[in-house]
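Report on one structure; see the data block that follows.
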Ligand code: BES
Ligand code: ZN
Ligand code: ZN
C-alpha cells in the first residue's frame, strides 16, 4: 500500500473515494465541488439511508466519485468496519481507485486516515482458506490522499502502521479460521517461530517432555486425550535502546479444538470450537505487532497449546489432577479445560517472569457470551488501575471490555471435598466470574493481573462470511493499551 499527499484538489486524479459524514453539506456547496466537477450534483445527505457503509457512485466525465456514507459512530472501530465492509463488497470499484478525499472536519484527521487505510486493507481479507480460487493477489494500492492537518511525514507513518496492523489482523484471522483438523500445537509453534525470526524477537517452544518434566500437570492432563503433543510457547520482545520501560506479561488460551472432552459439547456449539485458540492468536499477533512497530515496551508471552479431545486416556469428570502451582484440582467438567491450561501458564508467568502487569485472554466461558453478547469481552482482575486502562483502551479501539467483580464469596463455588479446588461451580450462576476466580488462585498474589474472557468477541458474524468467523479481537485492544502506557 503506497500513499502520497495531494495538496491541491485540482491535482486529484482518477476514481475518487469520498467518505461522507453526518454533517455533510449538499455536495454542490462544498469547497471540493469545483475541482471534482460536482457543482451540478444535487445530492443531499437525506439521499442516503441512515445506515453506514452505503455507497453511491457518481460519474463526472471520465471519473467515478464513490461516496461512502460513514455512520453516526466515528470511533476507530466503527470507521474501520465501514471501510472494511466497503472494500469487501466493492472489489471492482477498489481496483481502479486512485484517490481519497477526506472532508469531514468533525472527525479527527489521524483517526479517520488510519482507520480508512487499515479498513481498506483488511477488507480484502478472503476467508476461503481452502478454496481453489482464494484471492491471493491483493490490490496494490497507490493512493493520492487529500486531507487537512496531516503532513507528508505523518501520512507515511500512518500508512505504514495501518498496514502492519491490518496484516497482523489478517494473519490472526487465518490462524483462527483454520479448522481443527488442519491446526495443532505445532501450527501455532511454527507460526511463532517464523514470526520471531522475521521480526527479530525471541520464541522458545517447549514440548510435552518439558511440560511433564516441569510439572505443568494441568496442561498435560488436558492433552492426555490427544494424539498430538501439547506445546508451551514463550515469546519475548524487548525494545532496543529504551531504558526503563514497563514489562507486560501476556497469556493466551490455545485450545486448537475443544470437543469438551468426555463432558462432550452438543454438536451445535462444537462447530465453532476451532476458534478456542482466540486468546493465543491475539497474544501471538500482539507480540508480532509490537515487534513490527518497535513499541517501547517489554513483552513476555506464555501460550499453552493443545486440543481437548476424547480418547481412552482422556481425563474423566471426577478425576483429580495436579498443576504447576502444586495445587490439586478436581476436574468435575472436562469442558472447563481452558482454565486448566491457563492455570499452569499464569502460574509460570507469575513465578518466573516478574512482569509489572499480567493480562490473559481466553475464549473461556459461554457465560461471558450470555452476559455481554458479542459487544464486549468480560473483564476481571485485581488492579483497578490496570482494569481502567483496559476499559479506556477498549473504548478507544472499539474492542470493548466490561468489568465483573471477583468477590471472595464466589470462591465458595470452587471448594472441593477431595482436592484443593474444583474446576467448576455446580450452580448455573456467574460462570465467567467463577472461571476468573479459578484463575486468580494461580497468580501467586501478583498485584496487577487482568483476565479478559473473549468467548463472545473473538469469533462472530462479520462481512467476511456466511457463518461465524474470526474477528482478530484483542490485537487492537492490546495495541491501544500498550501505546497508552
Ligand atoms: N471454549 C469454551 C467456551 C466458549 C463458549 C468459547 C462459547 C466460545 C464460545 C470453554 O472451554 C467451555 O466449554 N466452557 C464451559 C465451562 C463450563 C463447563 C463451566 C462453558 O462455558 O460452558
Ligand atoms: Zn471447553
Ligand atoms: Zn474451551
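The values are calculated or read from the model by the stated rules, or taken from the named source; none is laboratory data. This one's a predicted model, so the numbers in the text were calculated from it and none came from an experiment. Here the Cβ is made from the backbone with ideal geometry for all residues, glycine too, and neighbour counts use every protein chain on show.
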Original post:
Could you list, in sequence order, the residues of segment 309-334 that are in contact with a helix residue (DSSP H, G or I) (Cβ under 6 Å, 6 or more places away or on another chain) and within 16 Å of ligand 2 (Cβ to nearest atom)?
Top reply: 315, 321
Original post:
Name the residues in segment 207-259 that are free of Cβ contacts under 8 Å to residues at least 12 places away in the same chain and more than 30 Å from residue 294 (Cβ to Cβ), would you?
Top reply: 209, 212, 213
**OP:** Would you mind stating whether residue 339 is surrounded by fewer than 22 Cβ atoms within 10 Å (Cβ to Cβ) and within 16 Å of ligand 2 (Cβ to nearest atom)?
**Re:** no
Original post:
Quick check: anything in segment 8-24 surrounded by 18 or more Cβ atoms within 10 Å (Cβ to Cβ) and over 33 Å from the mean Cα position of the chain (by Cα)?
Top reply: yes
Original post:
Wholly within segment 168-260, which helices (runs of 4 or more DSSP H) include no fewer than the required count, namely at least 2 residues that are within 16 Å of ligand 2 (Cβ to nearest atom) and either at pLDDT below 95 or at negative phi (or both)?
Top reply: 217-223
Subject >> Residues within segment 269-291 that are assigned to a helix (DSSP H, G or I) and either away from ligand 1 (no atom under 11 Å from the Cβ) or under 17 Å from residue 170 (Cα atoms) (or both), tallied >> reply: 16
**OP:** Could you tell me which residue of segment 225-258 is nearest to the chain's Cα centre (by Cα), considering only residues that are within 16 Å of ligand 1 (Cβ to nearest atom) and surrounded by fewer than 24 Cβ atoms within 10 Å (Cβ to Cβ)?
**Re:** 257
Original post:
Hey, does segment 148-170 have a residue that's under 19 Å from the mean Cα position of the chain (by Cα), surrounded by 17 or more Cβ atoms within 10 Å (Cβ to Cβ) and within 25 Å of residue 344 (Cβ to Cβ)?
Top reply: no
Original post:
Taking segment 307-339 as the region of interest, how many residues are within 12 Å of ligand 3 (Cβ to nearest atom), in contact with a strand residue (DSSP E or B) (Cβ under 7 Å, 6 or more places away or on another chain) and not in a loop (DSSP other than H, G, I, E, B)?
Top reply: 3
Original post:
Taking only pairs six or more apart or across chains, which ones have beta-carbon atoms under 7 Å, a first residue in segment 271-296 that is within 11 Å of ligand 3 (Cβ to nearest atom), and a second residue that is modelled with pLDDT under 95 and part of a loop (DSSP other than H, G, I, E, B)?
Top reply: 272/468
**OP:** Would you be able to tell me the number of residues in segment 402-453 that are part of a loop (DSSP other than H, G, I, E, B) and either on the phi > 0 side of the Ramachandran plot or surrounded by fewer than 13 Cβ atoms within 10 Å (Cβ to Cβ) (or both)?
**Re:** 13
